[in-house]
Amino acid sequence: MISGAALGAADLAALFAHFLVLSLLAIGGAMATAPDMHRYIVDEHGWLTDAQFTTSVALAQAAPGPNLLFVAVLGWNVAGPLGVIVTMGGTLIPSSTLTLLASRWARVRRETRGVRAFVAGMAPLTLGLVFATGWVLAEPFVRSDQQRWGALALIAATLAVMLRTRLSPLWMIALGAIAGVFGAV
């Protein structure tokens, strides 16, 4: 991992610009863009490893607060305090501005065919982005010889419980944490 001091102004500007663009694609929340964050931070630049990326996301998701916290943790792990400012600013500025403008525009037109079609079309897109995020986070464990079967069992159990019950997803997160503590995943 590169420390915040090692990242130059050009790298910080590029990180900001990348998160700026991702913010506009974050249909379903910032978590939906985690696969591209992973590609950019881990695969393209090598600022974090797979394990560091996954741990950053898991740590932020386990903490109380908004789902968006993982962006700040990634920024911190890539470039320290400046990384937090860059990633959070890049994520919040365009999405907040667009949300404000679009909500005002759509409130007046919410019953039009175009707005209803747009809202209905977002559901499958959001679902696909969330599945891609799940794969990026699970892939290192599924590929690991020691953790493969535990990870697959946990994924299957979570899928079955979520599809067949109204149980809060927090219980499955707790199960995953327990499995991790005991080394099953």
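Some values worked out for this structure:
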read-out	value
Top of 170, 12, 82 by mean-square fluctuation, Gaussian network on the chain, Cα under 10 Å	170
Prolate/oblate/rounded call for the stretch 4-120, Cα gyration tensor, a/c under 1.5 rounded	prolate
Packing rank of 97-104, 39-46, 20-27, where each peptide gets the mean count of other beta carbons within 10 Å, highest leading	20-27, 39-46, 97-104
Per-residue HN-Hα couplings for the stretch 113-128 [Karplus 6.51, -1.76, 1.60; θ = phi - 60°; Hz; x = Gly/Pro]	4, x, 5, 4, 5, 4, 4, 5, x, 6, 4, x, 5, 4, 4, x
Potential lengthening between residue 39 and residue 55 on full extension [0.36 nm per residue; Cα-Cα distance subtracted]	4.2 nm
Three-way shape call for the stretch 47-185 based on the alpha-carbon gyration tensor, with the a/c threshold at 1.5	oblate
Choice from 74, 92, 175 showing the highest fluctuation, given a GNM over the chain with Cα pairs closer than 10 Å	175
Under the Karplus curve 6.51 cos²θ - 1.76 cosθ + 1.60, θ = phi - 60°, whole-Hz ³J(HN,Hα) for the stretch 157-170, x wherever Gly or Pro sits	5, 5, 4, 4, 5, 5, 7, 9, 9, 10, 4, 4, x, 4
Protection proxy ranking, peptides 150-159, 105-114, 59-68, average beta carbon neighbours within 10 Å, highest first	150-159, 59-68, 105-114
Value at 222 nm in deg cm²/dmol, rounded to 500, when DSSP H runs of n ≥ 4 in the chain each add -39,500 (n - 2.57)	-25500 deg cm²/dmol
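All of the numbers you see were taken from the coordinates with simple rules; none came from a lab. Just so you know, these numbers come straight off a predicted model, no measurement behind them. We place every Cβ from the backbone using ideal geometry, glycine too, and count neighbours over all the protein chains shown.
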